[in-house]
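The values are calculated or read from the model by the stated rules, or taken from the named source; none is laboratory data. In this text, all values refer to a predicted model and were calculated from it rather than measured experimentally. For neighbour counting, all protein chains shown are included, and Cβ atoms are generated from backbone atoms with ideal geometry for every residue, glycine included. Just so you know, the surface numbers come from the protein's heavy atoms only, side chains and all, with ligands and any DNA or RNA stripped out. Shrake-Rupley method; radii C 1.70, N 1.55, O 1.52, S 1.80 Å.
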Amino acid sequence: LQAYERRFPTCPLIPMFVASDTVSEYKSEDEAIHVIERRCKLDIDAPRLLKKIAGVDYVYFVQKNSLNRRERTLHIEAYNETFSNRVIINEHCSYTVHPDNEDWTCFEQSASLDIKSFFGFESTVEKIAMKQYTSNIKKGKEIIEYYLKQLEEEGITFVPRWTPPVACKSESSTSHSRRPVSPAINIPESATKEGLNNKEILNTSSSPSEPTAGTPDDKLDADYIKRYLGDLTPMQESCLIRLRQWLQETHKGKIPKDEHILRFLRARDFNIDKAREILCQSLTWRKQHQVDYILDTWNPPQVLQDYYAGGWHHHDKDGRPLYVLRLGQMDTKGLVRALGEEALLRYVLSINEEGLRRCEENTKVFGRPISSWTCLVDLEGLNMRHLWRPGVKALLRIIEVVEANYPETLGRLLILRAPRVFPVLWTLVSPFIDDNTRKKFLIYAGNDYQGPGGLLDYIDKEIIPDFLGGECMCEVPEGGLVPKSLYRTAEELENEDIKLWTETIYQSASVFKGAPHEVLIQIVDASSVITWDFDVCKGDIVFNIFHSKRAPQPPKKDSLGAHSITSPGGNNIQLIDKVWQLGRDYSMVESPLICKEGESVQGSHVTRWPGFYILQWKFHSMPACATTNLPRVDDVLASLQVSSHKCKVMYYTEVIGSEDFRGSMTSLESSHSGFSQLSAATTSSSQSHSSSMISR
């Protein structure tokens, strides 16, 4: 503790720790209890633009140290004061005496991070926090040993143990009243815990405030599981941890919460390979169409707000959010004619995103995991008009997208007042619905829902909607016919559909064996920064960066031979002429990077010369066998490869002026930059070949 206290009011070994002030201090009369609270000023290593947007240069944390000399414990708690309404960071460290050897100190540390909102930079803030936390863990032992050595140089080699004021001591306490500080010892890896719940057994001479990184452990906190995830068997818990670790290693960007990962595992009966496959596809889809921001950035057209007869209505008896859909009162043909298929799909996606948000809120309210919602569908008024072919086509598309990206979110589907035409509709749509989902359907004809086994078994009487004979006023729109004056031509709808789904900065490309995809970037000013962000959706590729003083010839339409220029999976463009020779006509400016299927890669290159730079994604053949501790994505996603000679990437590139570039592990932010979430470990250098690092 004496070594630890020397970190205050500031520590030269922690550059980001600028200053600290004592807010309050308490000491008991017998000096057994000492509680001190400090306000710490930190200079976080964050992009310049982010600090400018946030309007701060420093952030403040409150740290409370509680020392109990009688129990021989030290508890350290810290939380953020700056932006506490947007970001919640809590950290707890504890030092205790080992139960079997009182010459050992047990160290335990846990931390939590909850980002509610941060000006659209949530992913960036998350990476900054993780970077700082990792850095602190790595430097913790070094710092504490520095101050221990300083104490020894001052002649302090032991600290007397606290004794009560009454002069009555046992032999054991006397014998240890002067315990020497001995050098640190190595402890087996089995003594450590995982990630943000690190445990470490240290000799008292090296009691750092941050532990060194622990080894993975296949255990989650029991209280956390009960509170947020529900009952899990050891096998299910292990599958969740393995899949989460795999995502942390290969997926760049915000990692889904455990509840969401668990949905994909449950949808595939905890087959980790199959769950990984559909989760990777879903994460790529969400990124490409910016689904994470749909609630904040997309406003439904007024036609939807007036004539879409659906809305959220309280919750069921299990605490699940309740969504009411009056499908029989909805003019599906009119909505499709007025809005088009894509707008309807986007609206349904926003409903699902709102459902995920409500599940989180209900989990907090009811104190138990709520991971799905209940849907009540009233079919009163359903007729042959609802079986209009384009309307059914739109419905099937919506079901397909929702099934693929929101598995296990439907807890129960109550279908009420099903008319005679319903079996026809059911025959059309049921093949597209997952077997597990179909088991959750409860169908009532006529007024059967009012009898035993009906609505009252699932919904409290007080919230049954008035149009179903209940007493609760339901604010769901009544629907009705969409005026034909709002109908739009097929051409108008097609243009609108293109506009909706091209609101993404990413492009898709196909990569074939012998036919790489190449992007040309012309650089006028040396020391510009080329940035990239891409996902490998299918197959394995090799990423290269080349430089040429002369521009390559425009690609010819027949350059692919058997392969077409444009394919359903995206474009394929080749720029490097076959007669060009590497080293004579063009040069390689970065080492080739092998990228596995399912990985997300970001990075940058600081250009040394003006001219023409070519980014290339090239087909990569896997060796017969590969050695790795964890199953790689190429092993588990092989079933996705329709052709063994075709890959697919989704990419975005941008050039940033050197004066606007701030490279870090967390992001590349610039006032001229369209990147909102880049996380490349980049370092500017005078040498081209060492100017860039790539992180997954």
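For the range 222-289, a/c is not less than 1.5, where a ≥ b ≥ c are the root eigenvalues of the C-alpha gyration tensor, and a/b tops b/c. That puts it in the prolate class.
Roughly how many percent of the accessible protein surface of the range 292-485 is carbon and sulfur, given a 1.4 Å probe and a whole-percent answer? Carbon and sulfur atoms account for 50 percent of the accessible area of the range 292-485.
Over all other residues within a Cβ to Cβ distance under 12 Å of residue 41, the charged ones net out to -2, with Lys and Arg as +1 and Asp and Glu as -1. Couplings 3J(HN,Hα) for the range 26-34, derived from phi with the Karplus relation 6.51 cos²θ - 1.76 cosθ + 1.60 (θ = phi - 60°), are 9, 10, 6, 4, 8, 6, 6, 10, 9 Hz, where x marks Gly and Pro. Label reach from residue 79 (point 7 Å along Cα→C-beta): in the range 110-145, amide nitrogens under 17 Å belong to 110-117.
Ligands, DNA and RNA excluded, the heavy atoms of residue 489 present near 80 Å² of accessible surface to a 1.4 Å solvent probe. Subtracting the Cα-Cα distance of residue 27 and residue 145 from 0.36 nm times their residue separation leaves 39.8 nm of extension gain.
With a/c under 1.5 counting as rounded, go ahead and sort the range 1-154 into rounded, prolate or oblate using the C-alpha gyration tensor (a ≥ b ≥ c being the square roots of the eigenvalues; past the cut-off, prolate if a/b is larger than b/c, else oblate). Prolate shape, in that a/c is at least 1.5 and a/b is the bigger ratio. Considering only alpha-carbon pairs that sit under 8 angstrom and 6 or more positions apart, the relative contact order computed for the range 292-485 is 29 percent. Exposure check, 1.4 Å probe, all protein chains in place: residue 75 carries approximately 60 Å² of accessible surface. Expressed as a whole percent, the accessible area of the range 1-154 that falls on carbon and sulfur atoms is 49 (1.4 Å probe).
Given an 8 Å cut-off on Cα distances and at least 6 residues of separation, report the relative contact order of the range 222-289 as a percent. Show your work: numbers first, answer last.
Numbers: 31 pairs, mean separation 17.8, N = 68.
Value for the range 222-289: 26 percent.
For the range 80-121, the solvent-accessible area with a 1.4 angstrom probe is 50 square angstrom per residue.
Distances between placed amide hydrogens fall under 5 Å for residue 104 paired with 98, all partners being 5 or more residues away or on another chain. Using the Karplus relation 6.51 cos²θ - 1.76 cosθ + 1.60 with θ = phi - 60°, the per-residue 3J(HN,Hα) values for the range 347-360 come to 5, 5, 5, 5, 5, 5, 5, 5, x, 4, 5, 5, 4, 4 Hz, with x marking Gly and Pro.
Seen from residue 22, the other residues with C-beta closer than 14 Å to its C-beta sum to a net charge of +2, counting Lys and Arg as +1 and Asp and Glu as -1. Taking all protein chains as they are arranged and a probe of 1.4 Å, the heavy atoms of residue 285 leave approximately 40 Å² accessible to solvent. Charging the Cβ of each Asp and Glu at -1 and of each Lys and Arg at +1, and nothing else, the dipole of the range 1-154 about its Cα centre rounds to 880 debye.
For the range 269-274, 3J(HN,Hα) computed residue by residue from phi via the Karplus equation (6.51, -1.76, 1.60; θ = phi - 60°) reads 6, 6, 7, 5, 5, 5 Hz, glycine and proline entered as x. Over all Cα atoms in the range 32-108, the spread is summed up by Rg and Dmax: 16.9, 52 Å.
Take the cross-link list 226/317; 27/138; 64/138; 41/287; 274/364 and give me the ones stretching past 24 Å between alpha-carbons.
The answer is 27/138; 41/287; 274/364.
Would you work out the relative contact order for the range 396-488, in percent, from Cα pairs under 8 angstrom that are 6 or more residues apart? The normalised contact order for the range 396-488 reaches 23 percent. Stretched out straight at 0.36 nm per residue, the stretch from residue 6 to residue 467 would grow longer than its current Cα-Cα span by 159.0 nm.
Which shape class applies to the range 292-485: rounded if a/c is under 1.5, otherwise prolate when a/b exceeds b/c and oblate if not, where a ≥ b ≥ c are the square roots of the Cα gyration tensor eigenvalues?
Judged from the Cα gyration tensor, the range 292-485 comes out rounded (a/c under 1.5).
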